[in-house]
Structures are given as structure tokens and as C-alpha cells.
Amino acid sequence: MIAVIILGLLVSLAMPIYNKIIEKTKAGEAVNNLRLIQVEEKRFFSRRGYFAYDETPGDGKGIELLNKELSLENPNKNPHRYFDYSVYQYSENPPDFEVKAKRRNDAGLPYRNHEYIVHKDGIVTGPLL
């Protein structure tokens, strides 16, 4: 009986650490996808002379255009994804972009509002980094 209580106590102490490790792994996946999209945006610009932005913020059309032109696998098409990806125009002169990975609404608290952003220069920002 005492062994079961001790085991339950240890599990209850380890679960928050386990959840944070899992969330950091998901954030790492988002950062890898962001860097891939950033590189493909630069390739797209070198071919076309402009970046592939979303038509309306958050619709994912910019990534879909990269998918058609450069065969970039669209992470938004994966039904088991943890983030929604989109490409925003950061500035017009000089042309610049940022790619955003926003945690989906089905994420548990406190991770639900996490966002990761990579700019044209490759610097990634976000929590858990």
C-alpha cells in the first residue's frame, strides 16, 4: 500500500516535467518547419522577384503557393499537426516576410497561445526556445 502511494506521488511530480518535454519537442518541430519555409521563401523570391504571402493573414495560401512552385510539403495539410503555419508580409520596402507557427486551439493550457516566428534573416523567436 505504501509503495503504491509513493509511486503515485512520484508520477504526480513527474507529469508536469514530462508535459513540458513533450511541448518542447513540438516546438522544435515547429521551428524546423519554419526554417524550411523560410529557405523556400528565399528560393521562391530568387525565381519570381516577390515573396509568397498569404492573401489574407493566416489563410496559408503563401505556403500553398510554395508547395505548388517548389514542391515544399505543406505542414498545414498534416491532419495531426500541432501548429498552423502562415506567411505574413513584414515590410514592403525592402520586401520582407515572417513565417508564423501558431499553436492550435486544441492545445492544453498554458501552451494554447504559443507562437513561433522566423523572419527573412532566419532568427526564430518564441517561448520555450
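The values are calculated or read from the model by the stated rules, or taken from the named source; none is laboratory data. This is a predicted model, so every value here is computed, not measured. As a convention, Cβ positions derive from the backbone with ideal geometry for all residues, glycine included, and neighbour counts pool all protein chains shown.
Residues in the range 90-125 that are assigned to a loop (DSSP other than H, G, I, E, B), within 23 Å of HIS80 (Cβ to Cβ) and touching an Asp or Glu at 6+ places or on another chain (Cβ under 7 Å): ARG104, TYR111. Just for the range 20-40: of the residues that are among the polar types (S, T, N, Q) and free of Cβ contacts under 8 Å to residues at least 24 places away in the same chain, which one is farthest from GLU69 (Cα to Cα)? Of everything passing the filter in the range 20-40, THR25 is farthest from GLU69 (Cα to Cα). With respect to (1) more than 14 Å from the chain's Cα centre (by Cα); (2) in a loop (DSSP other than H, G, I, E, B), the lone exception for GLY62 is condition (2).
Considering only residues that are under 17 Å from GLY28 (Cα atoms) and modelled with pLDDT of 85 or more, which ones fall in the range 87-111? VAL99, LYS100, ALA101, LYS102, ARG103, ARG104, listed by residue number. Would you mind stating whether LEU128 is surrounded by 13 or more Cβ atoms within 10 Å (Cβ to Cβ), on the phi > 0 side of the Ramachandran plot and not in a helix (DSSP H, G or I)? Criteria met by LEU128.
For the range 58-92, which positions are among the small types (Gly, Ala, Ser), on the phi < 0 side of the Ramachandran plot and surrounded by fewer than 16 Cβ atoms within 10 Å (Cβ to Cβ)?
Let us first name the residues in the range 58-92 that are among the small types (Gly, Ala, Ser), namely 58, 60, 62, 71, 86, 91.
With the extra rule that they be on the phi < 0 side of the Ramachandran plot, the set shrinks to 62, 86, 91.
Within the range 58-92, just SER91 meets the criteria.
Selection of the range 75-86 for residues being at pLDDT 90 or above and over 17 Å from LYS61 (Cα atoms) yields only TYR82.
Can you tell me which residue in the range 32-57 is surrounded by the most Cβ atoms within 10 Å (Cβ to Cβ), limited to those that are polar (S, T, N, Q) and part of a helix (DSSP H, G or I)?
First, pick out the residues of the range 32-57 that are polar (S, T, N, Q): 32-33, 38, 46, 56.
If we keep only those that are part of a helix (DSSP H, G or I) too, we end up with 32-33, 38, 46.
Details: ASN32: 12, ASN33: 24, GLN38: 20, SER46: 8.
That would be ASN33.
Within the range 60-89, residues that are under 11 Å from ALA101 (Cβ atoms) and of a type in the set (Gly, Ala, Ser) reach partners that are assigned to a helix (DSSP H, G or I) and at pLDDT 90 or above with beta carbons closer than 8 Å, at six or more positions or on different chains, in the pairs SER86/GLY62; SER86/ILE63.
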